[in-house]
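The values are calculated or read from the model by the stated rules, or taken from the named source; none is laboratory data. No experiment lies behind these values; they were computed from the predicted model shown. Cβ: placed from backbone, ideal geometry, glycine included. Neighbour counts: every protein chain shown.
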């Protein structure tokens with residue numbers, strides 16, 4: 001197990017480039033199971049969850065070769081056998097739930113253990129199961145396994161019970177090999193869902209309504225291989241923007257799709273963060289890429305933050321924003337109706353001197369500004385860990401963060417990127 005040792009109080013300066021989106025890469029990699037032809041995926045983030053998912057694909061017989069540092073070739077040909085799946089890896093990552101849709105569509109029968117992932121509240125996959133049953137799947141559950149079978153999947157109009165990102169992606173992939181039209185209502189519209197749609201279109205699926213809450217899929221019996229580049233990570237971008245705003249200095253965050261963080265920009269302005277957007281001549285799937293320059297600001301103000309499904313404020317940036325609000329004048333309210341255990345990071349921040357009052361599992365007050373001090377703290381999940389890193393950068397003295405494998409699941413070498421900005425952070429292996 002490794003830990004971070006961080007000496008706080010140093011302003012950040014310089015530039016950082018945002019990598020591929022972990023949450024998008026998962027579904028894109030899973031989609032390669034829908035064809036026996038070659039797929040080439042570029043801009044993969046080299047984070048633990050993605051690398052483990054690739055190992056799972058290899059374990060069931062997919063041919064995998066690396067064409068570059070972040071570019072991979074996958075061919076899930078005739079040797080693929082779901083019964084050879086590495087179950088231990090499945091148990092470690094939530095992203096493994098995305099294998100259900102393509103495996104059901106192509107192989108008709110398989111079993112999979114209950115997926116792992118962050119402990120941020122009840123994360124039932126009941127929405128997935130209910131929707132897949134409507135397509136014609138039979139599902140049994142027992143001994144920590146789900147067993148799926150389907151003789152013939154059929155087109156349906158499906159109304160999801162919630163805006164579930166992974167349920168939407170599973171349905172998209174399952175419907176892609178069903179000839180005819182399937183309609184998903186109450187579909188999630190997040191950037192990673194849009195990226196999944198882009199990948200499937202390249203494989204030959206006709207899709208209407210990408211980025212909306214009603215998606216029409218016209219599937220085919222056979223899909224082709226495809227070349228696809230994973231979109232930049234809006235959550236990594238948001239994390240570095242918040243870190244820059246909290247620490248002062250001047251930081252340029254490169255490779256950001258502005259549309260993926262619509263409400264985030266408004267909240268930064270409400271708080272008093274000073275930033276500039278400069279569009280480049282690059283784009284991803286016709287979405288413009290910008291560089292964001294964050295400048296020093298004084299007298300940050302309290303704000304109300306409510307996490308909502310896209311295009312609302314991302315729940316995954318809520319913990320980092322809470323840290324910024326500890327440095328803002330006044331009483332801020334954070335409301336996260338999506339996960340009832342998202343505030344697990346608050347107790348660690350309190351050890352550092354933060355003034356946070358948990359009202360109920362979904363709401364908290366943050367009073368600021370408060371001086372944070374170094375402490376020994378632990379990361380409970382990916383985003384909590386990133387928030388604690390930012391808090392340690394602000395804090396007076398030295399902070400030790402343990403359980404940083406949680407951070408590694410979603411951020412590629414975060415300490416190296418921060419070091420280049422002037423942060424005093426190092427990784428210690430126990």
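Among the residues of segment 317-342, which ones are crowded, with 23+ Cβ neighbours inside 10 Å, at pLDDT 95 or above and not in a loop (DSSP other than H, G, I, E, B)? 317, 318, 319, 320, 321, 322, 323, 324, 325, 332, 334, listed by residue number. Screening residue 381 with (1) at pLDDT below 95; (2) in contact with a strand residue (DSSP E or B) (Cβ under 7 Å, 6 or more places away or on another chain) gives one miss only, at (2).
Out of segment 88-112, which residues are in a helix (DSSP H, G or I) and surrounded by fewer than 15 Cβ atoms within 10 Å (Cβ to Cβ)? Selection gives 88 alone. Checking every residue in segment 64-83 against the condition of being in a helix (DSSP H, G or I) and either out of contact with any strand residue (DSSP E or B) (no Cβ under 8 Å at 6 or more places or on another chain) or free of Cβ contacts under 8 Å to residues at least 24 places away in the same chain (or both) gives zero matches. The set of residues in segment 29-63 that are in contact with a strand residue (DSSP E or B) (Cβ under 7 Å, 6 or more places away or on another chain), surrounded by fewer than 22 Cβ atoms within 10 Å (Cβ to Cβ) and assigned to a helix (DSSP H, G or I) comprises 54, 58. Within segment 219-236, being touching a helix residue (DSSP H, G or I) at 6+ places or on another chain (Cβ under 7 Å) and not in a strand (DSSP E or B) holds for 223, 226, 230, 231, 233, 234, 235. Screening the candidates 364, 387 for the property of being assigned by TED's automatic domain parsing to the domain that holds residue 249 and in contact with a strand residue (DSSP E or B) (Cβ under 8 Å, 6 or more places away or on another chain) yields one hit, 364. Go through segment 395-417 and give me each residue that's touching a helix residue (DSSP H, G or I) at 6+ places or on another chain (Cβ under 9 Å), within 18 Å of residue 251 (Cα to Cα) and surrounded by fewer than 24 Cβ atoms within 10 Å (Cβ to Cβ). Those that are touching a helix residue (DSSP H, G or I) at 6+ places or on another chain (Cβ under 9 Å), within 18 Å of residue 251 (Cα to Cα) and surrounded by fewer than 24 Cβ atoms within 10 Å (Cβ to Cβ): 415, 417.
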